[in-house]
Structure formats: C-alpha cells, structure tokens
Amino acid sequence: MRTLAFFVLAALMMGLSSCGGNESKSKVNQATETVKQTANEVKEAASEAAEKTKEAASTAVEKTKEAVQTAAASGKDGKTLFTDSGCVACHKEAQKSIGPSLKDIAAAYAGKEDQMFNFLKGKGEAIVDPPQFAVMQPNLEITKKMADEDVKAIVNYIMSFK
C-alpha cells in the first residue's frame, strides 16, 4: 500500500514539476498531504480490521470451550465413550492386540486410578506396555480434550475388568 502511495506521489510530483513555478510546489505539497492522509486512513482501517479479527478469534475460542464443556455433560457411560473414541481399535477386553487388554490395564492400575486418569489427560506416564506409548500418543489427543467427567467414566469402565 505504501509503495502504491509512493508511486502516486512521485507521478504527481513529476507531472507538477514539469509545469514549474510556485503553483507547482503548492500542488505537490497538497498532493503530499493527500497521500499522507490516505495512508493514515488505510492504517486506521487495517488496525480496525485487526481488532475485529482478534475479537472474532476470541469468540471462536470461547465457543470451542463451551462445546467442550457441553460434551462434559454428554451423559454417556464409560463403555460408550471408550467405543465412540476409537479405543476399541487397539484395546480388547481380555486379549492383547495393538495395545494391552483392558484386563491387563485394570490390573496394572489397580489402586492407581488417578494415575490412569492423568495418563489419559496427557499428564502422566504409561505404566502398561510403555514401548507402545508412541503408538497411543496421537490417540491421547482425544482423551486430553474430553471433560474430566467423561475421562473418569472411561477409567471406571476399564477398572471394571479387574
């Protein structure tokens, strides 16, 4: 935008300077002021647009937070959440597949349910089959975003297999 204003100003100055005299200088000064005013108006408009964009982004973040909180009130039981979240693709009830079985997980976390909760929220270490953690890590993004109540329901479901 500044480049355009510069070229416009330069063209005006060249055109006016060819006319000569004080009148030309006056017109150049007037053109310079007009360009400066236009540049200020553009700057103000850009600033207003940036503020509106910031407000829109803030609103979007708040709506996302509300949606996550609404999901907390999903009322779904642990088994449904476990299934709907895709956990069943890697975890079977009694046999190891890609990940450990629910029975093995429940045994390892017996009395340590808070550690399982922290693990599913991305705040703890894997204590069952740590070498498989790299495989599960992308899937933890699902449980990290879940409401605490929903993660607790999944923990309770898994612990029902001990």
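Would a scan of the stretch 92-113 turn up a residue that is assigned to a helix (DSSP H, G or I), surrounded by 17 or more Cβ atoms within 10 Å (Cβ to Cβ) and under 30 Å from the mean Cα position of the chain (by Cα)? No, the conditions are met nowhere in the stretch 92-113. On inspection, Lys144 passes the criterion of being in the same structural domain as Val88 (by TED's automatic domain parsing) and more than 15 Å from Cys90 (Cα to Cα).
The values are calculated or read from the model by the stated rules, or taken from the named source; none is laboratory data. Keep in mind that what you see is a predicted model, and the values were worked out from it rather than measured. Neighbour counts are summed over all protein chains in view; Cβ atoms, including those assigned to glycine, are modelled from backbone coordinates with ideal geometry.
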